[in-house]
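Report on one structure; see the data block that follows.
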Amino acid sequence: VQENVLQRVLQLPVVSSTCESLQRTYTSTKEAHPLMASVCEVYERGVQGAGALAMWGVEPVVRKLEPQFAVANNLACRGLDHLEEKIPALQYPVDK
């Protein structure tokens, strides 16, 4: 199974704890402010639609460039290995 650099980055404690904190803040803001919630919901639907359309449009290009993406992913994973070795703080949640 080939590693995915994006998944690895998202699994780093410092990144995952930051994302969780942002999600909690976003959710509590939506709950506390009904007007903000409706604006956010419209935005979220727009982003989902735009994302689906973009993926449909670039899919042929992505398929053609898969070998290059695989090489870039491998290089990025090796770079991440080096960063994790040199910066131990990446292994801790933000509050630590």
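Quick look at the numbers
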read-out: Å² of accessible area per residue within the range 1-79, as computed with a 1.4 Å probe and no ligands counted; value: 79 Å²
read-out: Listed peptides 50-56, 13-19 by packing density, highest first (mean Cβ within 10 Å); value: 13-19, 50-56
read-out: Accessible carbon and sulfur surface of the range 1-86 relative to its total accessible area, %, 1.4 Å; value: 65 percent
read-out: Reachable lysines from LYS96, criterion Cα separation under 27 angstrom, eight or more residues apart if same chain; value: LYS86
read-out: Only Lys, Arg (+1) and Asp, Glu (-1) charged, at Cβ; the chain dipole about Cα centre in debye; value: 140 debye
read-out: Over the chain, volume per residue of the alpha carbon convex hull, in Å³; value: 111 Å³
read-out: Dipole of the chain [Lys/Arg +1, Asp/Glu -1 at C-beta], most positive-end residue of VAL61, MET36, ASN73; value: VAL61
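The values are calculated or read from the model by the stated rules, or taken from the named source; none is laboratory data. Please read these numbers as outputs of a predicted model, since none were measured by experiment. Using ideal geometry, Cβ is built from the backbone for each residue, glycine included, and neighbour counts are taken over all protein chains shown. For the accessible areas, the whole protein counts, side chains as well, though only heavy atoms, and no ligand, DNA or RNA atoms are used. Shrake-Rupley method; radii C 1.70, N 1.55, O 1.52, S 1.80 Å.
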